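A.B. asks: My questions all concern the structure below.
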Amino acid sequence: MTRALAYFSNDYRTARGRFMVACKTARLRVESFECPHPGRDGEPVYTDVAVLGPDNTRAALMLTSGTHGVEGFCGSAIQTGLILEGLAARMPPDLRIVMVHAVNPYGFAHLRRVNEDNIDLNRNFIDHDAAPPANPAYDELADIIAPTAHWRLATGASLARLLMHRMIHGTAKLQAAITGGQYNHPDGLFYGGRAPAWSNKTFRQIVRRRIVGAERAALLDIHTGLGPHGQGEIISSDMPGSPAHARAQAWWGERVKTTKAGESVSADLSGTLKNAFYEALPRAEATAGTLEFGTLPALQILHAMQAENWLHNNGGNHRSATQIISAMRHAFYPDSDTWKTRVWNQGCEAVEQAMAGLCV
C-alpha cells in the first residue's frame, strides 16, 4: 500500500474528517459553511475552506473538490494529501492557496452528482435573471435520457434511441444534448436549476472573500468520470488563442483540451464553476481549468446516472437501492489502488505546475 492511498476515503464523513485533521496538523485556519440540508443519516454537512499562505498575496490558487458531489473523493484525497505532505512549506511567498473541500457537500454525502434540489451545480452558474440557455435536443430526448420507467426495463429502449440519434447527428452532438446543461426538466439529468443554489452562492462568497484582490488567480476544479481510465485531462472552456488558454497550455502542456474546439472529453457546458470564477475577477489575470480523471466507459456512467436518477425520483427505497447507489459510486470512484495512485500523482503534478505558472 503506497502512502497516497491513505488519503482516499470511503464516505463523506471520513473524507471531511481526514481533511480537517490535516488542516489542524498543518495549523491552517478553516472556515466552514453548513449546508441547509443534512447528510444521509441526518448529520450536518459542510463546505470547508482552508487557506494556505497570507491573505494579501499577489497570486492565488483555488483548488476545489466535490462540485459534483460523489466525484469528491478524488479531489478530497488530493487536497488532504497535499496538506499533510507539507505543501505550505513549499509555496512561494507571494502565493496563497485556497482549498474548498466539498463544494456540494449534500451530493458528496448522499453519493449523488447533484445537490439537494437535483441541480447539477456545474450547470447552475448562469445569469438567472435572463432566459436560461436552450437545449432543444435534450427536450426532444428527455424521456429517454432520464426514463420514468423502471431503470432495468428502460435501459434497452433508451440505448436504442440514443444510438439512433448518434447515427443521425454524430457523437459530439449527442454528448452536447445530454450533458451540455438543460433548464426545463427538474427531474432529469444535468438540470441547471432556475435560481442560484446554496452551493452557488457559497462558492461566489468564497471567491469574493478569498481570491478577489489577487493580480493573478487560477482555479483547478477536480472531477471524475470522463476520459480513459485513470487519465487526467485539463479541460479548458477558453477560446483557442485567448490569453487564458495560452496560459493553461504553458502551465499544463498537452493535457489541456478546450471545449471550444471540440477536442476535449467534455462537451461545451453552460453555467460552470469556471464561469463564476472569471466573472468575479474581471481585472485579474485569471486562468481556470477542470482536472478530469477518467473512470469507466461513458455509456456505463450514463446507465449508472439514469438508474440513480430513477431511484431518487421514486423515493429512494426500492429493493435495488443498494445496488444502484454502489454502481453510482463506482462510476465516479473506482475501487482500484492503481487508479487512485495515478490520480494522486497527476493531481499533485497539476497543482505544482499551477503554482509555478502563477509565480513566474
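A.B. asks: Taking Cα centroids, how far is region 59-116 from region 296-349 in Å?
C.D. replies: What the calculation gives is 19 Å, centre to centre.
A.B. asks: Let me ask you something else. When 221, 268 are ordered from fewest to most other Cβ atoms inside 10 Å of their Cβ, what list results? The partial results should precede the final answer.
C.D. replies: Working: 221 25, 268 18.
Ascending Cβ contact count within 10 Å gives the list 268, 221.
A.B. asks: Looking at 118, 108, 131, which one has the Cα that reaches farthest to the positive end of the dipole of region 56-153 (charges on Cβ: Lys, Arg +1; Asp, Glu -1)?
C.D. replies: Checking the options against the dipole of region 56-153, the answer is 108.
A.B. asks: Additional query: Taking 0.36 nm per intervening residue step and subtracting the Cα-Cα distance, what contour gain separates residue 319 from residue 299 on full extension?
C.D. replies: Working: separation 20, 0.36 × 20 = 7.20 nm, distance 2.37 nm.
So the chain would gain 4.8 nm between residue 319 and residue 299.
A.B. asks: Fewest first, what order do 245, 150 take by the number of other Cβ atoms within 10 Å? Don't skip to the end; give the middle numbers.
C.D. replies: On the way: 245 20, 150 13.
Ranking 245, 150 by Cβ neighbours within 10 Å, fewest first, gives 150, 245.
A.B. asks: Moving on. Using a 10 angstrom Cβ neighbour count of at most 12 plus a DSSP loop assignment to flag exposed trypsin sites (Lys or Arg not before Pro), which longest range of the chain is free of such sites? Numbers along the way, then the final one.
C.D. replies: Values: sites that count: 27, 283, 319.
Between the exposed loop sites, the longest stretch runs 28-282.
A.B. asks: Of 32, 242, 264, which has the largest mean-square fluctuation in a 10 Å C-alpha GNM of the chain?
C.D. replies: Highest fluctuation of the listed residues: 242.
A.B. asks: Can I ask one more? Out of all DSSP beta bridges with both ends in the chain, state the antiparallel percent to the nearest 5. Intermediate values should be presented prior to the final figure.
C.D. replies: Details: 15 of 42 bridges.
Rounded to the nearest five, the antiparallel share is 35 percent.
A.B. asks: Could I ask something else about it? Provide the per-residue ³J(HN,Hα) series for region 187-201, in order, calculated from phi with Karplus coefficients 6.51, -1.76, 1.60 and θ = phi - 60°, each as a whole number of Hz, with x at glycine and proline positions.
C.D. replies: Per residue, the Karplus-derived 3J(HN,Hα) values read 9, x, 8, 6, 7, x, x, 10, 7, x, 6, 4, 5, 4, 4 Hz.
A.B. asks: Now for a separate question. Give me the distance in nm between label points sitting 7 Å out from Cα along the Cα-to-Cβ direction at residue 143 and residue 89, one decimal.
C.D. replies: Label at residue 143, label at residue 89, 6.3 nm between them.
A.B. asks: What value, in deg cm²/dmol to 500, does the helix sum -39500 (n - 2.57) over DSSP H runs of n ≥ 4 give at 222 nm once divided by the residues of the chain?
C.D. replies: Numbers: 13 runs with 156 residues, N = 360.
The per-residue figure over the chain is -13500 deg cm²/dmol.
A.B. asks: Going by C-beta contacts inside 10 Å, put 120, 337, 94 in order with the fewest on the left. All intermediate terms of the calculation are to be shown ahead of the outcome.
C.D. replies: On the way: 120 28, 337 13, 94 17.
Ordered by Cβ neighbours within 10 Å, fewest first: 337, 94, 120.
A.B. asks: Still on this model: Calculate the spin-label point distance for residue 356 paired with residue 117, positioning each point 7 Å from the Cα along the beta-carbon direction, and give it in nanometres.
C.D. replies: If labels sit at residue 117 and residue 356, their model points lie 4.3 nm apart.
A.B. asks: Mind giving me the nanometre distance, one decimal, between the label points for residue 231 and residue 167, set 7 Å out from Cα along Cα→Cβ?
C.D. replies: For the pair residue 231/residue 167, the computed spacing is 2.8 nm.
A.B. asks: Sum up the charges of everything whose Cβ sits under 15 Å from the Cβ of residue 217, counting Lys and Arg as +1 and Asp and Glu as -1, but leave residue 217 out.
C.D. replies: It works out to a net charge of +3.
A.B. asks: Ok, one more. If r is the Cβ-Cβ distance from residue 338 to residue 27 and R0 is 25 Å, what FRET efficiency results, to the nearest 0.05? Could the numbers behind the result be given before it?
C.D. replies: On the way: r = 34 Å, r/R0 = 1.35.
Computed FRET efficiency for residue 338 and residue 27 comes out at 0.15.
A.B. asks: Charges on Cβ only, +1 for Lys and Arg, -1 for Asp and Glu, centred on the Cα centroid of the chain; of 327, 21, 72, which one is farthest towards the dipole's positive end?
C.D. replies: 21
A.B. asks: Please report how far the C-alpha centroid of region 12-49 lies from that of region 200-223, rounded to the nearest whole angstrom.
C.D. replies: So the separation of the two Cα centres works out to 19 Å.
A.B. asks: Nearest 10 degrees is fine. How inclined is helix 151-169 to the longest principal axis of the chain, computing both from alpha carbons?
C.D. replies: The two axes meet at around 80 degrees.
A.B. asks: Once you've got the GNM for the chain with C-alpha springs shorter than 10 Å, pick whichever of 130, 307, 102 has the biggest mean-square fluctuation.
C.D. replies: Comparing 130, 307, 102 in a Gaussian network model of the chain, the most mobile one is 130.
A.B. asks: To continue, here is another question. Using a Gaussian network model of the chain with C-alpha springs under 10 Å, which one of 253, 316, 42 is most mobile by mean-square fluctuation?
C.D. replies: 42
Values in this text are rule-based calculations from the coordinates and carry no lab data. Everything quoted here is computed from the prediction, not taken from an experiment. Note: ideal-geometry Cβ built from the backbone for every residue, glycine included; neighbour counts use all protein chains shown.
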